[in-house]
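Trainee: First the structure, which I've put down as structure tokens, then a few questions once you've had a look.
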Amino acid sequence: MGHVVVVGSINVDMVVAVPRLPVPGETILGGTFSQHFGGKGANQAVAAARIGARVSMIGTVGDDELGERALEALERELVNIDRVRRVPGPTGVALVVVGPRGENQIAVAPGANAALTEEEAESVTGADVVISNFEVPVRVAVAAIRGARLAGAEGILDPAPAHALPAALLELGPILTPNEHELVVAIGNDDPTEALAELADRSAGPVIVTQGPAGALLARGSDRQHFPGYPARGVIDTTGAGDTFVGVLAARLAEKRPLSDAIQAANAAAALCVSQPGARGGMPTRAELDAFIGR
Ligand code: RIB
């Protein structure tokens, strides 16, 4: 069993489902409220654990009740939390508004996630695959990928929320998993085709552009390979679909599967994720994933 270490955010999501997403300045009535566990890092950890990877989380939660409950939720998913530190102040919270086709708007108060240090992030000995993202400070995510390199592990950097990618990160050669918006912001070019060409040229590692229901596009240097998405059985909530993709990708790579197999499994898991409410509601177990893929 491969060991996935996630250096990333842990949030609690306050979710309102609405008949349509509001425009700036608008109030929409009629939604129902629910609370879910979230945070890109913690979601990625759960996605990997559900399909059978050994997963450890490195992160920070506050000393409030939400922090306590977020940790309990990770433990229930068999994610090791020995290296999650509790810090004074609030746990990260995301306000999530979900529209009728599962589309969302998200605003995040990072809270305790901002307290994670580069020293904590870089110490990833024993990992087969290390994941990080930008809901922790960028320098901390870079330290995690540096740690992966030093430990001889595969590094996956999910550049979300969107942020320019520092040269020091690209030189380390992690697998990058931007969606189209994150791709253009990552490189500072509004044309996605040009942005991908530039990023694939500058990055020492592969770039996987996630395309929602259309699947994923793998770019290595000037090579391009498209992996079609799987049809979802009803789209309720797309929150966490990208995290599911990344977590499952990591779990498969930790099993020493080829990148193409890992991308196909990640596409399938993301399609399953969107059919239930909440970031983690539809994340598949190993048996559910295998049945969906038809293996
Ligand atoms: O990617 C989805 C996640 O982004 C949510 O769970 C929310 O916490 C935000 O961080």
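Trainee: Once you charge only the Cβ atoms, +1 for Lys and Arg and -1 for Asp and Glu, what is the size of the charge dipole of the stretch 170-295 about its Cα centre, to the nearest 20 debye?
Mentor: Rounded to the nearest 20 debye, it is 620 debye.
Trainee: Another question, if that's okay. Where nothing but the Cβ of Lys and Arg (+1) and of Asp and Glu (-1) is charged, how large is the charge dipole of the chain around its Cα centre, in debye to the nearest 20?
Mentor: On the way: 23 positive and 34 negative charges, 140 e Å.
Using only the charged Cβ atoms, the result is roughly 680 debye.
Trainee: Continuing with this model, one more query. Taking θ as phi - 60°, what are the ³J(HN,Hα) couplings along the stretch 163-176 by the Karplus curve (6.51, -1.76, 1.60), each to the nearest whole Hz, with x for Gly and Pro?
Mentor: Once rounded to whole Hz, the list reads 7, 4, 8, x, 4, 4, 6, 4, 5, 6, x, x, 6, 9.
Trainee: Averaging the inverse of every distinct alpha carbon separation and then flipping it gives the Kirkwood radius. What is it for the chain, in angstrom units?
Mentor: Taking the inverse mean of 1/r over all distinct Cα pairs, the chain comes out at 18.7 Å.
Trainee: Counting DSSP beta bridges in the chain, what percent are antiparallel, to the nearest 5? Display every interim value, and only then the final one.
Mentor: Values: 23 of 54 bridges.
Counting only bridges with both partners in the chain, antiparallel ones make up about 45 percent.
Trainee: Here's something else I'd like to know. So, how do all the Cα-to-Cα distances of the stretch 179-230 break down into 10 Å bins, in percent, from 0 on up?
Mentor: With 10 Å bins starting at 0, P(r) equals 29, 57, 14, 0.
Trainee: Using 0.36 nm per residue, how much length does the chain from LYS256 to ALA114 gain when fully extended, once their Cα-Cα distance is taken away? Could you put the intermediate results ahead of the total?
Mentor: On the way: separation 142, 0.36 × 142 = 51.12 nm, distance 3.25 nm.
That works out to 47.9 nm of additional length.
Trainee: May I pose another question? At 0.36 nm per residue, and after removing the present C-alpha to C-alpha distance, how many nm does the segment from HIS181 to GLN225 gain when stretched out fully?
Mentor: Numbers: separation 44, 0.36 × 44 = 15.84 nm, distance 1.94 nm.
Working it through step by step, the gained length comes to 13.9 nm.
Trainee: Explain nothing, just compute: Karplus ³J(HN,Hα) = 6.51 cos²θ - 1.76 cosθ + 1.60, θ = phi - 60°, for every residue of the stretch 97-109 in order, whole Hz, x for Gly and Pro.
Mentor: Taking θ as phi minus 60°, the curve returns 10, 10, x, x, 9, x, 6, 9, 10, 9, 10, 10, 9 Hz for the stretch 97-109.
Trainee: Oh, and also: Give me the Kirkwood hydrodynamic radius of the stretch 200-295, using the inverse of the mean 1/r over all pairs of distinct Cα atoms, in Å to one decimal.
Mentor: Across the stretch 200-295, the inverse of the average 1/r is 13.5 Å.
Trainee: If you take every DSSP beta bridge fully contained in the stretch 67-197, what fraction is antiparallel? Give it as a percent rounded to 5.
Mentor: 45 percent
Trainee: How would you order 21-30, 129-138, 273-282, 70-79 from highest to lowest mean count of nearby Cβ atoms within 10 Å?
Mentor: My ranking of the peptides, most packed first, is 129-138, 273-282, 70-79, 21-30.
Rule-based calculations on the coordinates, nothing more; no lab input. Remember, it's a predicted structure, so these values are computed and weren't measured experimentally. Positions of Cβ are backbone-derived with ideal geometry, glycine not excepted, and every protein chain shown enters the neighbour counts.
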